[in-house]
1. Restricting to segment 268-295, give me the number of residues that are assigned to a strand (DSSP E or B) and without any contact (Cβ under 8 Å) to a residue 12 or more places away in the chain.
2. Do you know which residues across segment 68-97 are surrounded by fewer than 20 Cβ atoms within 10 Å (Cβ to Cβ), closer than 13 Å to Ala58 by Cα, without any contact (Cβ under 8 Å) to a residue 24 or more places away in the chain and within 21 Å of the chain's Cα centre (by Cα)?
3. Tally the residues that are assigned to a strand (DSSP E or B) and either touching a residue at least 60 places away in the same chain (Cβ under 8 Å) or crowded, with 17+ Cβ neighbours inside 10 Å (or both), restricting the search to segment 354-375.
4. So Thr298 fits all but one of (1) without any contact (Cβ under 8 Å) to a residue 12 or more places away in the chain; (2) open to solvent by less than 70 Å² (accessible area, probe 1.4 Å); (3) not aromatic (Phe, Trp, Tyr); what number is the exception?
5. Looking at (1) free of Cβ contacts under 8 Å to residues at least 40 places away in the same chain; (2) more than 29 Å from Ala263 (Cα to Cα), which one does Pro49 not meet, given that it meets all the others?
6. Name the residue, out of Ala34, Ala59, Ala18, that is touching a residue at least 24 places away in the same chain (Cβ under 8 Å), among the hydrophobic types (A, V, I, L, M, F, W, C) and open to solvent by 20 Å² or more (accessible area, probe 1.4 Å).
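The values are calculated or read from the model by the stated rules, or taken from the named source; none is laboratory data. Predicted model only: the values in this text are computed from it and were never measured. Cβ atoms come from the backbone with ideal geometry, glycine included; neighbour counts cover every protein chain shown. Heads up: the accessible areas ignore ligands, DNA and RNA and are worked out on the full protein's heavy atoms, side chains in. Shrake-Rupley method; radii C 1.70, N 1.55, O 1.52, S 1.80 Å.
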Amino acid sequence: MTEGTGHVIDPDGEARRALFDVVAQHGPGALSDATIMDNLCRNRLAALPGESILIVSAARADVPALLRSKIPELGNYGAIQSVAVTLAQASDLDNAASLWVVREFARTLGMIAPGATQATPRIAPGGPAAEAAGAGAGPGAGAGAGVPPPGPGAPPPGTPGAPAGGTGGTEGPPARASSGSRLLTRNTIGVAAAIALVAGYLGVAAAAHLSPFPAETVSANSSQSPGTGQSTGQSTGPGTSPSTSPASSPDASPDASPTSDYAILLSKIPASVQGHNNCQLIGTQYGATAVIQCSKLTGGAGVIQYYLYPSTARLTSGVSALFSKAGFHRKQECTTGGEFTDFLADCQSDFNFQTRSMSGTIAEYTNTSHQPLIVTTDNQQNVMAVLVGTNPGDVLAYWKQLNWIVR
């Protein structure tokens with residue numbers, strides 16, 4: 001439902017698709033790069049100038065970093081609400097329009113579940129336009145949008161798993177420029193009142209996990225991690241090309257809260273790997289309840305992706321799913337004379353380091369970008385890790401030191 005001129009924000013989902021595409025090409029760091037976002041908007045979104053203003057403003061404010069800083073404290077949807085307010089104040093944007101762009105960034109980073117494209121108020125520069133609340137009513141509206149993330153074998157748009165919609169799925173009126181001039185005006189006092197009611201509902205719903213804010217952020221078969229790869233273009237996934245990763249496969253819904261599991265998984269990552277903002281939550285793939293990617297690393301592995309599982313059985317299933325998606329086939333053991341001495345292509349072996357009370361499995365192979373890659377597990381902590389390097393011997397030596405996991 002629309003009012004006034006009938007304009008809606010991103011009515012055909014073009015802005016949403018553009019965000020996913022730019023992350024697939026440049027990695028999640030692109031969402032924090034105002035230059036990349038400005039070029040994206042000029043090349044792809046010239047017909048959506050209002051949406052372009054919001055996207056570039058969000059990149060300049062580094063919305064991804066703001067979200068990651070708030071998630072451990074507020075949860076995914078609470079963080080979205082908080083960051084939207086911050087962005088609106090910092091960039092002189094309308095609160096409801098700010099909420100729209102923060103949600104889109106969160107969706108692209110895999111922090112909320114995908115679902116159907118919904119009709120929401122569209123920014124109409126230079127002309128009066130405002131949309132009434134209620135545009136997102138119905139299943140699939142609200143928190144989600146069905147656009148596939150980057151990576152091999154990504155599912156088609158409309159992947160099931162969107163939270164149910166309702167009045168809470170409505171976006172409010174969009175942005176006004178930093179000069180203070182409004183790009184949109186509300187048509188009537190009635191529309192303004194409706195939007196105020198919706199904003200109040202969103203705040204309550206976020207705290208109570210009401211629609212469109214369910215307690216879980218992903219449902220069955222939803223693929224949720226666009227935030228893979230890195231801005232340097234390094235390939236981070238098994239059998240992938242640059243800026244894609246193993247975290248792009250669809251999988252079943254995890255059972256636990258992504259926010260709490262994020263904190264649990266983060267506690268298992270050494271401080272030397274975390275560094276200064278090296279790690280970020282990128283979704284819940286291959287049955288994992290949280291996936292964290294750490295990049296900008298030095299040493300044997302330049303990128304490590306960590307997957308947390310609720311049980312050993314789910315861990316085993318996740319490894320199998322990743323191998324299947326990557327097309328990995330075991331051809332030999334990874335040991336020579338019972339020792340891990342050389343990086344051996346297409347090998348897989350179990351290991352048991354009694355001195356560290358650690359056992360698991362290791363697989364070694366080279367991805368399509370010719371980077372040496374190790375997929376390994378820590379069975380005691382139900383963690384799978386994907387280590388990507390540049391030198392085969394170095395990445396194996398790094399793995400053997402076990403400095404990639406807290407013990």
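1. Here the count works out to 0.
2. Correct list: Val85 only.
3. Residues of segment 354-375 assigned to a strand (DSSP E or B): 358-366, 372-375.
Among the residues that remain, those that are also either touching a residue at least 60 places away in the same chain (Cβ under 8 Å) or crowded, with 17+ Cβ neighbours inside 10 Å (or both) are: 358, 360-365, 372-375.
The total comes to 11.
4. For Thr298, the exception is condition (2).
5. (1)
6. Values: Ala59 fails: open to solvent by 20 Å² or more (accessible area, probe 1.4 Å); Ala18 fails: open to solvent by 20 Å² or more (accessible area, probe 1.4 Å).
On inspection, the qualifying residue turns out to be Ala34.
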